[in-house]
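Written below as structure tokens is the structure these notes are about.
Each value in this text was obtained by applying a stated rule to the coordinates, not by laboratory testing. Since the structure is predicted, the reported quantities are computational estimates derived from the model, not experimental observations. In this analysis, Cβ positions are derived from the backbone assuming ideal geometry, glycine residues included, and neighbour counts consider all displayed protein chains.
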Amino acid sequence: MEINYPVYRPTLKGNELKYVTDCIESTWISSKGKYISDFEVKFAGYIHTAYASSVCNGTVALHLALLALDIKPGDEVIVPTFTYIASVNAITYVGATPVFVDSLPLTWQMDCEDVKLKISPKTKAILVPHIYGHPCEMDTLLDICSRHQLRLVEDCAEAIGSQYKNKVMGTFGDIAAFSFFGNKTITTGEGGMVTTNSKELIERVKKLKNQGLSNLEYWHDEIGYNYRMTNISAAIGVAQLERIDEIIADKIRIASAYRKAFENTAIELQGEEVHVLNTYWMCSVLIPSADRRDALRAHLGKMGIETRPLFYPVHTMKMYADLTDEKFPVAADISSRGINLPSYPDLNDADVSFIAHSIVNFIEGNG
């Protein structure tokens, strides 16, 4: 069946082609060129942080963030089990141990009360992913970190432009990581960014992403990585950033249309706290019964409507299953009943209504 309504596709109708063509004509296509610094400066300005350093994807942004904080073997990092696998993998890259917490039933964000229970003498940091664009409860998390002298890493891969109490995500913690994969709110194809207000941390990130290069040309005084962004990717990012407010406005509009369409039905859209701005990286819903989810997805697929399951709890995956025998009931419930719906910026309200009603009709036995 042809996909008429993909889960996501980027909108590339600004200056992307113009800027990429400029890169090619200039021959500056690798990790040097004017668009690299332009993107970094403009991105830092957009989220109101002092520093930003571009990297080749969001996962390495998390890796660099943890390395810059000197998280190492023997340390523990608290992270929700309901998150994308990259959040947890980055912790293992530095040799630290992920310690899982459950999620909140309304917003699907990490449960701060569970965080408090998981702190041990080995805990060094909390890694905070803002799932599907909704911010975590930052006041509480900052208080926990202050009381226990913990570092706070924001995983903002899904929350570009989201706000908590009128402050943009990526500015609360010690350091933050962003992703610009093709399905993210703004994209560079592949790419990421590390942001911080600490000059010391950003200098560590820059050195580590550039093969551990010292101030002496071609002299490397520690093991580093090739985690740099290309000028071509940065050129796309600059063009995307020029239109970010428009893109986010469309995503919020789409979420509002879904919310209206699902009123007075058994379908639950991701909840939202009153003091946040959710930019809805994905519009995601819970259906009443987990045992009907796969059948619903198959039904929608036959109608040309692409969907995806929500994240599986990471603690259930074989690489991490030995870390805990604890049950995480909220995460398990959200994961088992949830699906991502089409939510690309060009989706119109009539399409949203069609998709929503197709779901409701199936759930109510009319599909």
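Here are the numbers:
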read-out	value
Long-range amide H partners of SER31 with built H, under 5 Å	ASN231
Rounded to 5, the percent of DSSP beta bridges in the chain classed as antiparallel	55 percent
For CYS56, CYS283, CYS156, CYS112, order by how many other beta-carbon atoms lie within 10 Å, fewest first	CYS112, CYS56, CYS283, CYS156
Calculated [θ] (222 nm, deg cm²/dmol) that DSSP helices of n ≥ 4 give over the chain, each run adding -39,500 (n - 2.57)	-11500 deg cm²/dmol
Three-way shape call for region 1-89 based on the alpha-carbon gyration tensor, with the a/c threshold at 1.5	oblate
Residue order, fewest to most beta carbons within 10 Å, for LYS209, LYS122	LYS122, LYS209
Difference of contour (0.36 nm per residue) and Cα-Cα distance, SER37 to ASN197	55.9 nm
Filter on LYS122/LYS207; LYS18/LYS206; LYS34/LYS167; LYS72/LYS318; LYS13/LYS207 - keep pairs with C-alpha separation over 25 Å	LYS122/LYS207; LYS18/LYS206; LYS34/LYS167; LYS13/LYS207
Region 65-131 shape via C-alpha gyration tensor axes, a/c threshold 1.5	oblate
Alpha-carbon centroid distance for the pair region 336-364 / region 1-69, whole angstrom	29 Å
Prolate/oblate/rounded call for the chain, Cα gyration tensor, a/c under 1.5 rounded	oblate
Extended-chain gain in nm, criterion 0.36 nm per residue less alpha-carbon gap, ALA50 and GLU273	77.5 nm
Built amide H within the under 5 Å cut-off of GLY161, gap 5+	MET169
Contact order relative to length of the chain, as percent, for alpha carbon pairs under 8 angstrom and 6 or more apart	24 percent
FRET E, pair TYR225, ASN264, Förster distance 35 Å, beta-carbon r, rounded to 0.05	0.10
